[in-house]
Every structure is written in C-alpha cells, then in structure tokens.
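Just so you know, all these numbers are worked out from the coordinates, no wet-lab data involved. Computed from a predicted model, the values in this text were never measured in an experiment. Neighbour counts are summed over all protein chains in view; Cβ atoms, including those assigned to glycine, are modelled from backbone coordinates with ideal geometry.
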Amino acid sequence: MSHCWGTQMPLRLLSSNIADFQSGIPADQLSRSFQDAIQVLEWLGLSYIWIDSLCIIQDSPEDWEKESALMADVYSNSHCNIAAAHAADGTCGCFAERDPRLVRPLQVEVKLGPNPGVYCGVQESYWKDRVMSAPLNERAWVCQERYLAPRNLSFGETQLYWECCACSASETFPAGLPPGVERMVKSLDPRLGGAALRRQDGLPDVPELDAFALWGGIVHQYSKGDLTFPEDKLVAISGLASRMQKHIQSDYLAGLWRKDLAHQLLWTGEEDILAIPQERPAVYTAPSWSWASRHGQIKSGHVVRHIGNHDIVLEIQDAQTQLVSDEIPFGRVRSGYLRVRGYLARTGVRLQERPRHQGHFSLIVDNKDVGIARVDSYTQEGTTVSHTELHYLPIRYETRLVEIFSGDKTTVHELEGLVCRATSPDPGTEFIRVGWFWTVHQTKEFQALCREYSTGSREVGTTEDTREWGPKLEFTII
C-alpha cells in the first residue's frame, strides 16, 4: 500500500508492541485508509497486504535499514499497489463522497468539418492534475512504489484510476486514456519506457540510449517529490536504481552511473525560470556533482541526447563514492569525489543576475552576454554566491552545422559545463559544483580564458597541448 503519513501518526509497529502484533493487530485501531485498503483487498480476493508502518519496526534503525533495501522486491512482486492518492493522512481513507455524474466523460457532437461525430472533451493534463498532483504523489518515496508495482489502483478525490505497464485508465475512460493526454511512462523496460520518452522528446531511435532516457525520466519524476528526512534522498530511489542497473550495466555513483558519466554531470535544476533554486539539504546526501546533493526538480537529459564521448573535453580519471553501509550498495553515501583532467576559466567570466529570476543568470564573457547559467542553490552558507569565487569548467564542446531561416547552413559552436567554487581561498585543486552554464557564442574567447588560467596568457601556444584550450589541469570535485 502507498499512503501519506501526514500529521496524524498511524498505528505503528514498534519494539514495544511487536509481540502483541504477532498475536493480532486490532482492526479498530487502524487508520481509515488502512481499513479501506483491507476492504479493497477482500474485494480483490487477496489475503496479504504490506504496509510500511505495520511491517517495519519504526523505532529500529537496523530493521528500517534492512527492510528499506528490500522494498524493490516487496513492490515488484506484489499483485497490485493500493494507493490512497487523495488522502493527506490516514484519516481521509481511500473512498470519498462524490457526485457520480462527474465520472461521465464530456461528450461533444461535432457536425461540421471533415470528421463529424461525437467526441469526448478532456484536458491534456487530465492524468497529471488528477493523479500525479494528488497529495500522495507529491511524496518522493511513492515514486518507486508506483514504478515497481506491476499495477496501481489510485483512489482519487472523485474516482478510481488504474495503470499498468500497458495502459492507464479511469472510471471516466475505462478502456484507456484518450490519445494526446499526458501520462507518466510506467514501464521499467528501456525498450518500452525509455524509447517512449525519447519519442516524446522528438529524438531519433537509438536503443543504446533507452536505459539512460528511462533513468532520466525517473530522476525527473522522483526529484519533484518531498522528503521528510533529506538523508533518505538516495534510499527512497534505491529500489529503482537496483532494477535499472541490469539495463545500464554500470557502477552506481550516488544517483549517477560510471558509464558516460561526463554527460550526466550536466544535469540542471528547475525548468521554470521563475522558480527559486532551493538550498542544499543541511545534512550530507551526496557529493556536489550528483543531483542527489540538492532539493528540487532535476532535469537530466544530456546523456539521452548524445552518444559516446566525442564531444567531451573533460577527462574523468577516477570516480568514487563511500557508502554508509557496504550491505546497501544503492543507499546512503558518506562522501564522494571525481578526479579529473580538464580546463578552467575564471578571469573574464562572470554571471549577471536576471531581474526577477533569482538563481538564473546571464553568462558574461569579456562584458558580452553569451549564454545562460543556473546555480544549484541560491545561497551558500547563508550568503549569495560571490561571482569572484567562481570557476567555469567546460565539459561538452560541440561544433555542428544548423539550418537557418534562409535555408542556408551555419556552423554553431556550443559549450556546456559546470560552475564551480574552490573549497578554500587559496589557489587549489579541489572544487565543489555550484551550478551549470551554456553558451553558443564566444566559444573561442572562452577557450582563450582557459589558456590564460593555465598559462597566464591568452595567446595560442606553439605546442599541441597549449593550443586552443591550453594544457589540461588535474583537480578534484567533491
């Protein structure tokens, strides 16, 4: 079962009552949501139900750690998941009073045009508004429960919704949602879910990128949700990570994958330019180069669009994370680092804040506006990030021909990378990520700034190592 705990604490399994619960759980002390779920269980002809607060000893960190690592098996091997979607807490229950007339589809008769007939009127955001925006699905933990369960029964405010890997439906549309309605891709098969996400973005069929597309979609959905305890950031998606590893076939690094890691470092935050970037969690959740190090919605699509490392200018020499427990390979981490060889720019580059767009900046190179940048957290240790502290790390540099309005083609130089900050005031070799930048202008000037940082001069060198970008430097990102 999926449910919101809310402010009303449900009956819980504790070290003090486990012996009593083994003899019997008093049904009259269960929350309304739990009682309704058991009623649904009987209607389905099933005999067992798994509810986190009744199946994990809530005051035992050891039992919680062990059972949280097994949640992928619990949900993926279930018959279905009963979701009290509209309930903010257990007092609301699964069932709600409703006007049955609201379940009927809105039918419109069209008499004119090439295809007259009776049509159903439905909002494009029907599923998003009624299911994905329900109180339950605003919780981060629920993301993996929805993905892992083979079927979901979501009890909404006005009707029942259901979904599996093949279909999403409701009482209004029992045969499936009409074409054009947005829905979340549920399948964990990259050939289905990943390929569908790439088609939605208008991308060509590249099967080797399907698994990364699917993982990017999962991270995007998961990062929208809220967590009561920030330290659960990686734990609450660990079940999905364990399932996806067999498809991606790579080491897991705090939410990212060793394979094609450079592309994955280019994740960005809020898509809404009016959104204020949220601060990093007060407790350590992941190294700064991982999306799991911050709150808020994440967009992680670069590895979805690009194959291979032909456009990558950053060399990753080593990437490691230290787990809190070696027994939980997809769980919490204590630390992590990247050892890299790359280019850096500093003098000549600055950010200029856009009016009313906190955390979103214009990228200024030698006093010219050449691109955009976003900071991961609008504040660092309580103060606005100082532009004089920032370094710029190019990761992806691509030259390509694009067609312009006249039908002619022109060469575009695109540069993308990370905004970083040194971990000490002294010139050092250790940095943390604080943001992301992108430009399609002045890339030659940006290369000159990298030459200046490493050689002290913007002039093109005489050896292959010092031409264009200048020599690569070795440093660590934590």
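Over the C-alpha trace of the range 338-477, radius of gyration and Dmax come out as 15.7, 51 angstrom.
Do any GluC sites (Glu not before Pro) in the range 181-278 lie in a loop, going by DSSP, with at most 15 other beta-carbon atoms within 10 Å of their beta carbon, and if so which?
Details: sites: E182, E208, E231, E270, E271; in loops: E182, E270, E271.
Here the sparse-neighbourhood loop sites are E182, E271.
Rounded if a/c is under 1.5, else prolate if a/b is larger than b/c, else oblate: which is the range 5-80, with a ≥ b ≥ c the root eigenvalues of its Cα gyration tensor? It is oblate, given that a/c is not under 1.5 and a/b is not larger than b/c. Estimate the FRET efficiency between Q35 and Y119 by the formula 1/(1 + (r/R0)^6), using the beta-carbon distance for r and 30 Å for R0, to the nearest 0.05. Working from the Cβ atoms, E equals 0.15. Remark: spin-label model distance R101-S250 equals 5.6 nm, labels positioned 7 Å along the Cα→Cβ axis. The H on the amide N of L253, modeled in the peptide plane, is under 5 Å from the matching H of R258, each at least 5 residues off or on a different chain.
What base-10 log of the normalised intensity I(q)/I(0) is obtained for the chain from the Debye formula, alpha carbons as equal point scatterers, at q = 0.05, 0.07, 0.12, 0.13 Å⁻¹? Debye curve over Cα of the chain, log10 I(q)/I(0) at q = 0.05, 0.07, 0.12, 0.13 Å⁻¹: -0.23, -0.45, -1.12, -1.25.
Pairs from the list K444/K472; K128/K186; K299/K409; K66/K259; K368/K409 with a Cα-Cα gap above 22 Å: K299/K409; K66/K259; K368/K409.
About its Cα centre, the chain has a charge dipole of approximately 860 debye under the convention of +1 per Lys or Arg Cβ and -1 per Asp or Glu Cβ, with nothing else charged.
Between D326 and V402, the FRET efficiency estimated from the beta carbon spacing at R0 = 45 angstrom works out to 0.40. Helix-only arithmetic for the chain: the sum of -39500 (n - 2.57) across DSSP H runs with n ≥ 4, divided by the residue total, places the mean residue ellipticity at 222 nm at -5500 deg cm²/dmol.
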